[in-house]
Structure formats: C-alpha cells, structure tokens
Amino acid sequence: MDLVTGAVGSVIGKLGKLLGAEYKLQKGLPEQIESLKHELETAQTALCKVGEVLPEQLDPQVRLWAREISEASYDMEDILDTFLVSIVDVDAPAENKNGLRKRLREKMSKLFLKSKARHTIAGAIEEMKKRLEEVANRRDRFSVAVALPAPATKPDPRLADMHKEAAQLIGIDNARAELIAMLLPTSHGNGDSDVSGSGSSSRKMKIVSVVGVGGLGKTTLAKAVYDELQSQYDCGAFVPIGRTPDLAQVFSNIFYLLDRNEYTAIHNVKDQSLLIGELRKFLQKKRYFIVIDDVWDITTWNIIKSALVNNDNGSRVITTTRNRDVARMEEVYQLRTLSPDHSEKLFKTRLFGVNGEYPSNHPATASEKILKKCGGVPLAIITMASLLVGKSREDWFDVCNAHGFYRGNGNQQVDDTEWILSLSYYDLPSYLRTCLLYLSVYPEDYEIEKDSLIWKWIAEGFVEKKRGTSLFQQGEEYFNQLINRSMIQAVESDDMGVVFVCGCRVHDMVLDLIRDLSNKENFVTISNDGEATSPHQNTVRRLAHQNRIMQQTQQDDHMDMAQVRSLVVCSCDIERWVLLPSFKLLRVLDLDGCIVPWKGWQGLKHLGNLLHLRYLGLRSFYRYLTWKVLA
C-alpha cells in the first residue's frame, strides 16, 4: 500500500479471499467479485505510474482520478473488513445453554445473520462496481511512464563516515572554537582559556544563544561543544524541546540527564512549578553545563531560564534557536552558512566518501548550480547530494533543467532548503513516501525505534512481499533507503563494541514537510491539547495523540473513529481514556512512553474486540506511582 494507490492492493487481496471456498457466496456474486478485482488491478497499475510523477507535472484530471480511486479503495476496505468481522462474530462459539429449543433458536439466528451478512456484501460489491464506473466515466486518459530506481539494501557507509568526520568536513571546527571562546573567556592575559571556573570572569553563569536558519547545523555545533566541555562540569544535560514543548516533560528530562540514578522515576511528576523549584535546589551548588536545543518562543525560554540558577560556580548554558528575538535575550552567536569550499567538500563527501573527489567526467556546471541553490546550508547540501548518489552525468543536468536550479541566487536559504526537501521527497518511490509519511505520527525530536516502526509498516500493509525475503527484511530495506536518501537520520547503538543502527530521528524541517503532506492527503490526524490537524475531521484513518492529557471526555467526539486503522499514542498521560468499541478496524495500537493511573484503569478493556489488530505496542508504558518522587 502507498499514498497514491491507497488501499487498492489490500482490497484486491481481500476480494481474492472472498472467492475462497470458506465463504459461501450468493449465486452470481463470485463473477461480480472477479470483475471488480480485475478492474482494481488495472487501476492499480495506472496508479503506480501516477505515483512516480511530481504533482505539479500531473494533469489535473489524472490527479483527481487518482484521489477518487484512493478514497474509494479505503471505503471498500472498510466494508470488506466489517463483513469479515460480522462473519467471525456469527461463527464464534456460544456459551453452553440448557435446552434443545434454545440451542435450535441460536442456530437459526446464526443462519439468519450469516444470510443477512452475505446479502449485505452482495449489495456492497455492486455499489463498489458502480462507484468505480462513475469515477472512470469522469476521468480523462491516464498513462505516465516512469522507471523505478534500483533499491538499496544497506545504509550508505559514506553517511556514517561523513558524520564521524563532521568537525573537519563541514567547517564546524572554526565555529566550535569561536563558541567555546565565548563560553570560556580568557582571564589571565596570556591567551589561555580559564576552563576550571576559578577565574573571576568565569564564575558567573553565562548563557550563549546560537541562532540561524533551519538546517544550518545549530544542533550539530551545540552538540560538538557540549561533548568537548561536558566532562569539565559536575553535571550536564542536552535537551531538545521543539516548537510545542511539554515543559513538565522538559524539566523531567533535564533532571534525569543531570542525575540518572537519583531521578529514575522523575517522569511521573507533572507539576511544573514543583519541578522548577526542585531543579533550582538541585543546581544551587552545582557547576553545570546545559544545552537547551531548538527554542521557538520567548515565553518558553523565560520559563526554562527561571529554573537555571546563577550560583557563581562557573555554570554554562547554550540555547539554539531560529528566532532572533529569543537569541537577543542572551549573548548571541550567529551561525554562518558554509563557505563555498566547505560546501563543495561536504557535497563531495556525501557523493564519494571521505576524501573523495569528482571523477574526470563530472558535470562541473551542474554541481556549481546545485551548490549555489543550496546556499551553504548543510541540510540542503546533504539532501541534494543524497538525491544524486549513483545518478549519471545526464541525470544531473536533467535535475537542473527540470527543477529550476538555474533560477534564483541562492540567498533565500529557508525557501530553497524547503524546496530541495520537497524535491527529494517526490524523488522517492511511492512506497517509500508512504513509509516516510507514517513518521508524522511521532512528536518532534522523537527517537523512533527501528524494529517497532518496521512492524507497524508491515501491520499497515505498506511493505510489499518479495519472494525470498521476509516482510521484516523488506521493511528494513525501506528503512535503509530512507537513511540513504537523508530523509531520516540514523540513531546508532553500541553493543559490546558492535555499532548498529537501532532507530532514527526526523529533522524538524522534514517533519514539517511530511506533516503538511499528510494533512493534505488526510493520511494522519494529529491530536494534541489543541485541535486535530486534519481538515477531514469526519474521516480519520490514522490517529496520533502526542504529548497530551487524555480523558474520556476529550476523545475527539467530533471525529468518526469507525475507520481508524492506526492509533499511536506518544508521551501522553492517559487518565480516564478508554479504547473505544468503535475501533473494530484497528490494525496498529501503540502506546509509547505513556502513563496510566495505578488503580482502576480499564483503558484496554475492548482489546479483545480488535479482530484486525496486527501490532500491539506498550513500549515504556507505566503507571502513576503512589509515592512522591521528589521529597
């Protein structure tokens, strides 16, 4: 299943099952099902071709036809799943009851219900055929020839080498030295930095704000400085917060990173004022180094800053932000774009590996235009280079000509970076786009566990079965392709000296892109303490609750939950919420990092009714503690 084809492939498979011997269908119905199946197979072939074309290059009628077929396929799948559920419910064994008459009455009732269900599916098949015919009558010709790129099977080793050598490759060494000089000013007159905190000029707490456009490398710079200096302090924390942070969660994360042993259960505390007061007490006698990454507004920063104590122990704080008004509140470090030399070095490294050089037949003119368009922004350079890996000289010129690299002067950094990300997204095969869009169910700055993500893709039907390869292996190949395209960032783990990729993160600019696309296509509805993001609020197919307090009275009553296929709940306090009985078509249920009451919670009491459930996740799922964490 992919974004353009919708549930067509799944419907075809289920129609095939209906033709099986286990279902006794009405006379003439098998022929209708077979006809519908062939019609959908033909449509699926055309949809796959449509999915490989950039939206702006599609004929409007073709785009409308594809949207209508996709929407119709979801409705068809709902009907078929409901039918299958009704057959299972009817066939379920009844409890033993005394009396022959009662047993006969039960048997006759089941036969009646089965007959009614079969009659319903007969009418539904007829309606499905009519709907397809109506769509077909409105469409114009549709035929777009597109070649699929060859799949990759392993993460590109050049990416790992590039990130390991980041300090040398993207010019971060100069920026790092400048930022460290701001944090640790010289005080002895001989040019040596006072890193011990003993000098008078170093005793005051100092805050430096790194500011720059998205994708410029603010987080990379702050992390490089943090890694170099953190060991010189009593304690430290590197905390990303994003644009809509749960501040209680932010303070809990700071506590946990400052002292993991002491505050193992700190995430159960949700009182923001209590956390601020206790954090001030904890930091009062500490020499600390804290990085607050990705601050979006002044109000948020003021609240966080209120917990940071100026204790004359030489503590240091770094913030990163795109907002100049936030940055101006502190001493500012303006992060600059990469120089032309560093831009070219980063570009070549992504293409050819560390110390790699252009081949003799390299299209120099095309690369110059591309680098100019990237404007010295590392994210744009890496993403663009990832798009061009393995492509021929002619392909480079085709990209430049087809997508406007000869226009603009490269100075509109944000717009150009967003445009390049969008271009890279549409260059993905359609099945990868679907898998990428699914990542919009996760909050910003979330570390996504690889195995659970792949199993969700499989449960949703996004992973195509391939002979000689398991579904999980195929899903892992999709995951690696997204890494190689630089659409997601690999998260590595070390097990006894063996380094492996255990998960991923999504850059906030990529997340903005896929959330916008997901919203437009009604692919995922995101629900937080504000309103749901989807404009199609009466048709919710995938629902994501993020960083909210969930109560039974807040269960988005305006939404129709009967069509929900995937429910992902991340970092929520589930107080009185229950799994709704209307979730009969649910395939994925994932409660990740959620807290529930200690006693009396019945949030999963309808779990046994989810006959289509293929994935159940309760990762980091825990109950409210009955004791106070902070004394």
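The values are calculated or read from the model by the stated rules, or taken from the named source; none is laboratory data. Only a predicted model underlies this, so the values are computations on that prediction, with no experimental measurement involved. Cβ sites come from the backbone with ideal geometry, for glycine too, and all protein chains shown count toward neighbours. Side chains are part of the model used for accessible areas, which takes the heavy atoms of the whole protein and leaves out ligands, DNA and RNA. Shrake-Rupley method; radii C 1.70, N 1.55, O 1.52, S 1.80 Å.
Miscellaneous remarks
- Electrostatic dipole magnitude of segment 223-266 [Cβ: Lys, Arg +1; Asp, Glu -1; Cα centre; debye, to 20]: 200 debye
- In order along segment 277-294, the phi-based Karplus estimate (6.51 cos²θ - 1.76 cosθ + 1.60, θ = phi - 60°) of 3J(HN,Hα) comes to x, 5, 5, 4, 5, 5, 7, 4, 10, 9, 9, 10, 9, 10, 10, 9, 9, 6 Hz; Gly and Pro are listed as x.
- Accessible heavy-atom area order of Ser10, Ser518, highest first, probe of 1.4 Å: Ser10, Ser518
- Across Val441, Val213, the residue with the most accessible area heads the list, and the full order at a 1.4 Å probe is Val213, Val441.
- Given Lys345/Lys466; Lys218/Lys369; Lys223/Lys372; Lys369/Lys450, the pairs whose alpha carbons are separated by over 30 Å: Lys345/Lys466; Lys369/Lys450
- Pairwise centroid distance, computed over Cα atoms, of segment 235-253 with segment 257-319, Å: 9 Å
- A simple rule links phi to the HN-Hα coupling: the Karplus curve 6.51 cos²θ - 1.76 cosθ + 1.60 with θ = phi - 60°, which for segment 420-427 gives 5, 4, 5, 4, 5, 4, 6, 7 Hz, with x for Gly and Pro.
- Of every Cα-Cα pair in segment 416-485, the percent that sits beyond 16 Å: 50 percent
- Sequence of Ser430, Ser493 when ordered by accessible area, the most exposed leading, probe 1.4 angstrom: Ser493, Ser430
- Cβ-based net charge around Asn174, under 13 Å, with every Lys or Arg adding one and every Asp or Glu removing one: -1
- Counted charge near Leu616, where neighbours are those whose Cβ lies closer than 15 Å (Asp, Glu -1; Lys, Arg +1): +1
- The ratio of the alpha-carbon radius of gyration of segment 292-402 to the globular-protein estimate 2.2 N^0.38 Å is 1.53.
- Cα centroid separation - segment 437-469 against segment 322-341, whole Å: 36 Å
- Normalising the average separation of contacting C-alpha pairs (under 8 angstrom, six or more residues apart) by the number of residues puts the relative contact order of segment 257-333 at 33 percent.
- Cross-linked pairs Lys204/Lys281; Lys14/Lys129; Lys14/Lys605: Cα-Cα separations exceed 26 Å for Lys14/Lys605.
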